[in-house]
Amino acid sequence: MSDTHETAFFVWNLFVLLRRRGFPLGMNDYEDLRRALRAGFGLASNYQLRDVCCALWAKSLKEQETLKALFDQTIQLEWNLSALDQTSQEPDETAPFAIEVPPQTASTDPSAPESADPPAKLERREGLPNIPDSARTYSAVPFIFVPQFPLTHREIAQLWRRLRRPFRAGPPIELDIDATIHSRSRSGLLTLTLVPRRRNMTRLLLLVDRRGSMQPFHWFVDHVCAAIQSAIGSDQVVILYFHDVPAKGADRAPLIALSNQLSPQLDQILPQIEPLERGSVYTDTQLLQPRPIATVLRDYAKDSAVIIISDAGAARGRPDTLRLLDTIAFLKALRRYTSGYIWLNPLPEQFWSRGVAAQLQRHVPMFSLERAGMERAVNVLRGRPYPIARQL
Amino acid sequence: VSVSPSIDNLRLLLSDAMPNADEQIIEQTLALARHAALPAALNTALVHLLRINFLPETAHAAEYNLLLSPLCRVIGDDLYEITPELRGALLYDLAKVHGPARVRNVARLLGQYTHRPGAPWGEDTPLERAQRLTALNFIDPTIAKEWMEHAEQRLGTGTSLDRAWFVAMRNEVTQIEQFVTISPSDSQPGFTGADILLVTVTAVEMRAVLDVLRTQFNRTIKRHNVGDKTYYDLGNIGGAAVAMVQSEIGAGGPGAALLTVQKSIDALNPVAVIMVGMALGLDSRKQHVGDVLVARQLALYELQRVGQSAAGAPQLRVRGDRPAVSPWLLDKFRSGVLDWRQPGGAALAEVHFGLVFSGEKLIDHQDFRNQLRMVEPEAIGVEMEGAGLYMAAIDRRIDWILVKAICDWGDGNKSRNKQQRQRLAAQNAAEFVFHVLKLGGVAQLRTVLQDIMPARKISNAPPLPSLMVSREDDMRQVKARLGVGIQDVHTMHVLTVIRGWPGVGKTTLVSALAHDPDVAATFPDGVLWASLGQEPNLLAELAAWGRALSIPNLAQARTTEEVSAQLRAVLRIKRMLLIVDDVWDARHTELFRVGGPGCALLVTTRLPGVARTIAPTPGDVYILGVLSDEKALELLQTLAPDAVREHPAVCQELVDDLEGLPLAIQVAGRLLQTEHSYGFSVVTLLEDIRAGARLIQEQAPVDRTEVANDTTPTIAALLNKSTALLDDETRNYFAYLGAFAPEPATFDADAMRDVWQVEDPKPIIRKLVDYGLLESVENGRFWMQKMLVAHAMSFLTDD
C-alpha cells in the first residue's frame, strides 16, 4: 500500500521534471498514468513502469529517450534508497560490490581472461597505456544524451511548411472530380477531366556559414537545416556551405572614396559596388568540395528562396569593412537572380550591433534563428513587404 | 601557484565580452562555465549536454555565449578549453554552489560521453586519455593516481609530447583532489544527529569509510562541528541517518574512544554505535589478512591478575569485563553475511564472529600474543578501542557493536606490507558495515525500541488551572490543528499560532492542552513549555528545555543557536508538543523551532503582527475569541451565584461591560461573591467600574498604568476596584508578588511566606484568592495571570 503511495509521489516528480523540459503534458496526462497504475499496469517492475510512462507521455523516440534517462535518474534518487526492492536489483546495482575486482578487468575487452598481473594488460598499445575505466565506471547516474534544442524539429518544420507553394504542373494524371461532374451534368456524357498533380514549387537555397565564430552554432544550425529540408522536401532544398562570405574579392576601388570616413557605413558608395560572383561555396560541411558561386547562383538561385545563415561577424564583434564590401557585392549579384532572400542570424537581435551584422541588417532582411525570427522570415519569403533601411 | 581570479572577476570578464547581455544571461553563462570547467576540453555537444542535464532552465544562449567568451579558447576544430588559469576557480565554485556530488556527476557525464560510440575525442588520442583520466580522477582518484604512476613509469623516455601531457595531467590530478572528497565545513543547520554512529580511529580507517561511501553511494560528505568534535554526515543508508566520528588510538586517553563515543552519543543521539576498523588476527592458519571480525563479546584484558604458574613462571589471569554486544546488532551482521558476495557468488571476505580482546597495548610481539591466546583459545582478534566504546555505550544505554578486519598478526612483522594490508582490512570492514546498513532495519528499530520502552514523559508545562471555562470548542479546534487523534503524521500542522487579547485565556487554554489526555496520546514524549514575554531570557528558556530533555553538556553551549542545535538533535526523533507562550517578537520563535517531524509547535501571542509573521499562512493562526454572552454569564454564575440570581439583568450588563474577557469576569465574580456579605452589590460594582473607567479615560495617557495600556479602561477600572477594596497591608503583599512573579508564575505558600516575611501567609493568600487576584492550581500551588502581575507591579512603581 505504501508502495503505490510512493510510486505516485515519485512519478509526480518525473512528471514535473518532464514539464520543466517542455514536454507538452497536462493534468490529464498525469491522471492517465494514475489510471493505468490503478488498472495494474506498470506495477511489476521499474522497467514496466518506465514503459508505461513512455507509452503515455513520450510522443517521439527522442522524447522516449529523454524520459527514460529522467526516469532512471529519479529512481536513483527516490526509489532505490527506500530499500524497497532489495530483491529486484538490476545487475548494475550490485556493481558497487565489484570494487575489489581490479577495474582493469572491466576494461574494453571483457571476454579476455582475468590476468593475475593487471599491469600486463596495460602493455597493449604504444604511447599512452589504456586507462582502467569503462562506461560502467560512470553509469551510476543516467544522463540525457539527446540534444534538446530551443526549437524541436517538428516546431521548425511547422514554421517552414508555410513556405510550400503547391502548384499543379506536369502531365494531367489526377482526376478533377468537380470538373468531371460539372461536365457530365452539362453535356450528359462522361468525360473524365484530368489535371496535373499538385507539386510543391518552392525551391530553397540555403547558404550556411561554417567554421570560426559559427562553430558553436553548427549543431543547432544543422538541426534547423534538416528540419527545413524535411518541411519543404529534400528535392527542393539545396544546402551549401561557405566560410565568412560566399563570394570574395570585390573591387575595392570604391572604398577610396570612404578613406576619411570613420563610420563603417557603405551607403555613400553603394551604387559603385559591382555585383560579385567570384569565389566558391562548398557542398560539404568540411568545406572540401568547392562549387563556383557563379554556377550555384545560376543553377539554384533563379526564382528560388535564398536563405543565408550566418552570424555576420556579430559573434566576435569586429567591424570588417572588406567583409561588408564582399557581402554587399554578393548580395547584389544574388538580387539579379531572385528577390526572395533573407538572412538568418543565430545570435539574438540584441547582439547585432557588432560586426558586419550592424550594417548588413540595413540592407537585407535579417532575422534571428528563433521562433519569432523564423516566422517573420517565412512571411517575408512568402511576399510580405519588409522595410529595408537602404536598398542595395 | 598562480593567483586564481575570483568569480566576480569572471563575471566582469563575461559582461565586458557581452556588452548587450542582461544580467540573467551572464549568470547563466557563468553557471554553465562552472560545469564546463571540469572536462579537459570541450566541444559544442558536450557543452550542450552539460546544460540540458545540469541546468535545464538555462537559456540555449548560454552555450554559445560561453564558447565565444574570453573564458574559452579555441584549440581545434569544434574544440575549446576553459583557460587553465580560470578552471580551478570555476571548479571550486561549482563545488561551493552545487556541492561535491555535482562535481562527481559532471565527471560521470564526461565519462559516459567519452565512452559513447562515435568516439567524440577520437580513438586513442592524448585528448581522449586526458578526458578519461579527468573523469576517473573525480570518481576514483586512487585508481587514477595508480594509473598515472604506472603509465609514467612504463613510458620512461617517451616522446616529449607525452611528457608534456603527463606534466599537465599530474598537475590536474593533484589540484583537483581537494574537491572530491569532502566539502568545506558547513555550519550547523541541516544536521540533526544520526541513527547510526560509525567510529573510526586511524586515517586509513576513516578514508576507507569515505571511499566506500563515495564509490557505492556517490554521496556528498558534509562536515559538522558539534561541540569540540567533527562529525561526518554520511547521509541516509538503508533508511538510517549515518554519521562518522574519528577517535584517537586507545580507549582511555583524552580524545580516545571512551570520551569520543560519549560525546558523540550526546551530540548525535544515535540508536547504535558501530566501531569499524582494523584489528589483529590471532590465528594465521584459520584466518587471513582482510577477514572481518565481528565481536560477539569483548574481553577487556587490561585488568589482570599476574600470578604464578605451577612451574613458577608468571601467569596472567584476565579479570576484566566480558561484555556482550547488542544482540539485535549482532543479528543484523549475522544475517548480512549471507549475501555479502561478489556478483560472481564468492564471498568478498570471510567474516568471523567471536570474542575479541580489547586493551591499551599496541601488540607486535609473538609471546604476548600467545599468552592472550592461552587465556582464551577461542578468541578471534585483539584491538584497542572496543573497551572505550563499550564503557561509553553502556553508560549512555546505547547499543553497540565492533566490526574490524584483520590487518596483521601482532607477531613482530607489523611493518611488512603494512600499507597494503591495512588498506585491505579497513576497506573490507567498511564495506561489510555498509553492506549490513544497506539491508536496513535499523531506523525502524528506533521506533520499535521506543514502543517497547515507553519513554519517560517529559513536561515542564505549568500546572492545570483550577477553573477552566467553557472552552471545549476552542480546545477541540486547536487539537484538530495539532493533529490530535489523526493517525497520519503528515497532515499535522507543524506550527499553530494562537492569537487573542490579553486576558482572553490563551495561557489557560494551552496549559489545559498540555494536560489533555488526547494530546498526551499524540505526543507521547511529553510537552515542553516556554514563556517569553517582552524581554525574554532566551538562553535560559532554551536551557530549561535542554534540562527537561536531560541533554548533557548543556553548560558548554554558549549561544542560543548552539542550544537550539542540541535540542534539534534530541527532538528529531521525539514526539512532543512544544509550546511557546506569550511571544512579543517573531524572531524569538525561531530558536524554538527545534521539533522534528513528530513534534508540533504551538505559539501564543497577543500581537496580530507577530502572529502574521510567525504563521506560514493566515490559516495557521487560531484567533481565540472572548466568551459569548451566555458563557460569560455562566462563568459569573459559577463564581457569584447569589449575585446572578438576584440581579440577572445587571449582571448581564456587567458582563457586557467587561467585554466577555474571562479574566475580568473572574475577578469581578470573586469580588462580588466575597463582598456580597458586606452588602456590596452588582449595582454598586457596575457603577464603580464605570466611574473608574471614565476616570482612566480622562487621565492623560502618560499617567496610565501598565494595565490600562494593556487593556481597556473598563478592565483597568475593575482591577483598580478589586485592589481598592483590599486593606493597605494586603495590597502591599499583592504588590510584592508582582515583583517576583514571572509568568506563568506558580508558587507555593512557602515562597510567599518568604517574600512577605510573615509567619503564616495563609490568611493573606485566602484573601487574594477571594478577590480573584490569585488563583489556586493543583498541588497547593498558586499562579497569577499576566495582567494581574502587571497590575501588581504598577503599585510597586507608585512607591
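Values for this structure:
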item	result
Packing-based order for B:77-89, A:179-191, using average beta carbon neighbours within 10 Å, highest first	B:77-89, A:179-191
Under the Karplus curve 6.51 cos²θ - 1.76 cosθ + 1.60, θ = phi - 60°, whole-Hz ³J(HN,Hα) for segment A:156-169, x wherever Gly or Pro sits	5, 4, 4, 4, 7, 4, 5, 7, 5, 10, x, 9, 7, 8
For segment A:21-36, 3J(HN,Hα) per residue [Karplus equation, 6.51 cos²θ - 1.76 cosθ + 1.60, θ = phi - 60°, Hz, x = Gly/Pro]	8, x, 5, x, 10, x, 4, 4, 5, 5, 4, 4, 5, 4, 5, 4
Rounded to whole Hz, the Karplus (6.51, -1.76, 1.60) HN-Hα couplings of segment B:719-730, x for glycine and proline	5, 4, 4, 5, 7, 5, 6, 6, 6, 3, 4, 4
Average beta carbon contacts from partner chains per residue of B:207-218, 10 Å cutoff	2
Added length on full extension, which subtracts the Cα-Cα distance from 0.36 nm per residue, B:Val769 to B:Asn417	118.3 nm
Peptides ranked, highest mean first, by Cβ atoms within 10 Å: ranges B:289-299, B:143-153, B:561-571	B:289-299, B:561-571, B:143-153
Other-chain or far-sequence residues with amide H under 5 Å of A:Phe242's (modelled H)	A:Val208, A:Asp209, A:Arg210, A:Tyr282
Pair B:Glu630, A:Arg164: separation of 7 Å Cα→Cβ label points (nm)	7.8
Simple Cβ-charge dipole of segment A:297-392, Lys/Arg +1 and Asp/Glu -1, about Cα centre, in debye nearest 20	260
Listed residues B:Gly255, B:Leu293, B:Leu280: farthest to the positive end of the dipole of segment B:204-297 (Cβ charges)	B:Leu293
Packing-based ranking, highest mean first, of B:51-58, B:724-731 given that Cβ atoms within 10 Å are counted	B:51-58, B:724-731
Amide hydrogen neighbours beyond the local backbone of A:Asp176, cut-off 5 Å, H modeled	A:Thr193, A:Leu194, A:Val195
Spin-label pair A:Arg199/A:Gln391, simplified geometry with 7 Å Cα→Cβ offset, distance in nm	3.2
Dipole axis of segment B:498-654 (+1 Lys, Arg; -1 Asp, Glu on Cβ), positive-most option in B:Ala643, B:Val594, B:Met576	B:Val594
Qualifying trypsin sites (Lys or Arg not before Pro) in segment A:194-292, DSSP loop, other Cβ atoms within 10 Å at most 13	A:Arg252
Net charge of neighbours whose Cβ lies under 15 Å from the Cβ of A:Arg186, counting Lys and Arg as +1 and Asp and Glu as -1	-1
Peptide B:49-56 - average C-beta neighbours from other chains (10 Å radius)	4
Average beta-carbon neighbours from other chains, 10 Å sphere, peptide A:139-152	5
Under-5 Å amide H pairs with B:Val351, H placed in peptide plane, nonlocal only	B:Val292
Sequence-distant lysines (8 or more away, or on other chains) whose Cα lies within less than 21 Å of B:Lys438	B:Lys222, B:Lys332, B:Lys404
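Coordinate-derived values only; no laboratory data. Being a predicted model, the structure only gives us computed values, none of them experimental. Heads up, the Cβs are rebuilt from the backbone with ideal geometry, glycines too, and the neighbour counts pull from every protein chain shown.
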